[in-house]
1. Which entries of K100/K159; K145/K196; K197/K219; K96/K196; K159/K186 show an alpha-carbon separation above 19 angstrom in the structure shown?
2. Within a 10 angstrom radius of the beta carbon, how do F156, F137 rank from fewest other beta carbons to most?
3. Counting other beta carbons within 10 Å of each residue's own, what order do M180, M170 fall into, fewest first?
4. So, counting K/R as plus one and D/E as minus one, what does the shell of residues with Cβ under 11 Å around D222 add up to?
5. What percent of all Cα-Cα pairs in segment 147-186 falls in each 10 Å bin, counting up from 0?
6. When a footprinting reagent is the concern and you count Cβ atoms within 10 Å, what order do V164, V199, V147, V208 take, fewest first?
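No lab work stands behind these numbers, since they all come straight from the coordinates. Predicted model only: the values in this text are computed from it and were never measured. Here the Cβ is made from the backbone with ideal geometry for all residues, glycine too, and neighbour counts use every protein chain on show.
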Amino acid sequence: TRGKLEKKKKKRRGLNRIRSRIEQEEDDDEAESRAEEKRIRQDEVRQRQRRAMRQMEEDKAASKRKKETAYQAKLAAKREKREAERLAREREEAEKKKKKKEDEEALYEQWAGEIEMEAEGTEVLDAEATESLMAAFVDYIKKYKVVVLDDLATEFEMKTKSVVERITDMEKVGSLSGIMDESGGKYIYITEQEMKKVVDYMMSKGRVSIDDIVDQSNKLIDLQGTA
């Protein structure tokens, strides 16, 4: 009767509580499982991100090393080029010095073998006298600026042909610079500054002849000399 009904109600409530606990536990287990799966997924995402970051850093470092290697190779190539150019310049300079020395020695031999001392007849000049005569020859030309080849030959007791050859030889070694006007029988000594004026004139006029330059010599060159 009434007591039995109360017992049934209590029993039912007890079963409901048990069922509720079971369901709650199941929900908790499921929630925990979902949370665990979420943590696992998050861990996997973080791991992938870390791997991607490491790969990015490695790629960046590799790119930097590649650029540095290329830069160093470029610097090395430039250094090698500069060194090769320096050695080439040194060789060229050494060859020029050697050639100049050979030309000077040849010029000296020509003077020593050709010009004779008047007092000794056919005996050639000694080294000191030859050098002194060469210096006097150059100074004479520089002093008068425009020299008549025959007069120069007479002054130094040489043939006119030899005078022309000696002037040409001295131009090769840099002792003289100028214009040989063989048709007029003259040599015009020109300083470096005056030579620049001549070059500028030639460039402005295009193709010019020696006669053209000689005709313009009064404008381009100081012909007064120091005599």
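1. In this structure, K100/K159; K96/K196 exceed 19 Å between Cα atoms.
2. So the ranking, lowest neighbour count to highest, is F156, F137.
3. The fewest-first ordering by Cβ neighbours comes to M180, M170.
4. +2
5. Percent of Cα pairs in each bin: 32, 58, 10.
6. With the sparsest Cβ surroundings first, the list reads V199, V208, V164, V147.
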